[in-house]
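> Questions regarding the structure given below will be posed in turn.
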Amino acid sequence: MKHTIIRQKTWHNFLTLFLLYMNLVLSFGLIYCALEWTGLGFILDHYASITHQNQWYDRITRSFYFSAITLLSVGYGDLSPFGLARAVAILEAMIGYVLPAALVIKYVAFPHPPRRQFRLLSFRRPKK
């Protein structure tokens with residue numbers, strides 16, 4: 001019984017962590033798209049032609065790809081941010097560096113003690 005509870009909690013933590021990272025990648029990807037559409041910043045692909053970089057679907061996929069490799073600290077070097085996208089990339093990289101350490105501290109160094117289960121005691125009215 002206890003093994004099943006631990007396994008369910010592990011899957012719950014894994015799913016929560018996965019959804020947190022996906023949320024961050026999608027959110028920052030949308031910020032990069034918005035910066036590119038407003039002209040405040042852009043992401044340059046060093047290995048693609050100019051005509052390919054100007055296609056709308058390439059802008060979207062490039063923004064989400066850059067967001068994922070920045071957050072996960074991969075940084076292949078094939079894309080470079082310019083304009084305000086640099087500031088957003090710095091913020092995303094800082095979150096990508098700090099988040100794993102914070103999760104290790106939360107779940108490994110200072111795990112929560114198991115919750116106490118309280119039994120409801122039957123309450124009897126005093127007899128008159």
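> What is the residue count in the range 27-43 for residues that are assigned to a helix (DSSP H, G or I) and either of a type in the set (Gly, Ala, Ser) or in contact (Cβ under 8 Å) with a residue 40 or more places away in the chain (or both)?
8
> Please go through the range 44-76 and give me each residue that is touching a residue at least 24 places away in the same chain (Cβ under 8 Å) and over 20 Å from the mean Cα position of the chain (by Cα), ordered by number.
Leu44, Asp45, His46, Tyr47, Arg59
> With touching a Gly at 6+ places or on another chain (Cβ under 7 Å), hydrophobic (A, V, I, L, M, F, W, C) and surrounded by fewer than 16 Cβ atoms within 10 Å (Cβ to Cβ) as the only criterion, which of Leu19, Leu72 stands out?
It is Leu72.
> Now a separate question. Which of the following residues is assigned to a loop (DSSP other than H, G, I, E, B) and either at negative phi or out of contact with any Phe, Trp or Tyr (no Cβ under 9 Å at 6 or more places or on another chain) (or both): Tyr76, Tyr65, Tyr97?
Going through Tyr76, Tyr65, Tyr97 in turn, the sole match is Tyr76.
> Here's a follow-up. Do you know which residues across the range 79-93 are part of a strand (DSSP E or B) and either touching a residue at least 40 places away in the same chain (Cβ under 8 Å) or of a type in the set (S, T, N, Q) (or both)?
Once the filter is applied, which keeps residues that are part of a strand (DSSP E or B) and either touching a residue at least 40 places away in the same chain (Cβ under 8 Å) or of a type in the set (S, T, N, Q) (or both), the range 79-93 yields Ser80, Pro81, Phe82, Gly83.
Computed from the coordinates by the stated procedures, all read-outs in this text should not be read as laboratory data. None of these values were measured; they are calculated from a predicted model. Please note: Cβ atoms are built from the backbone with ideal geometry, for glycine as well, and neighbour counts cover all protein chains shown.
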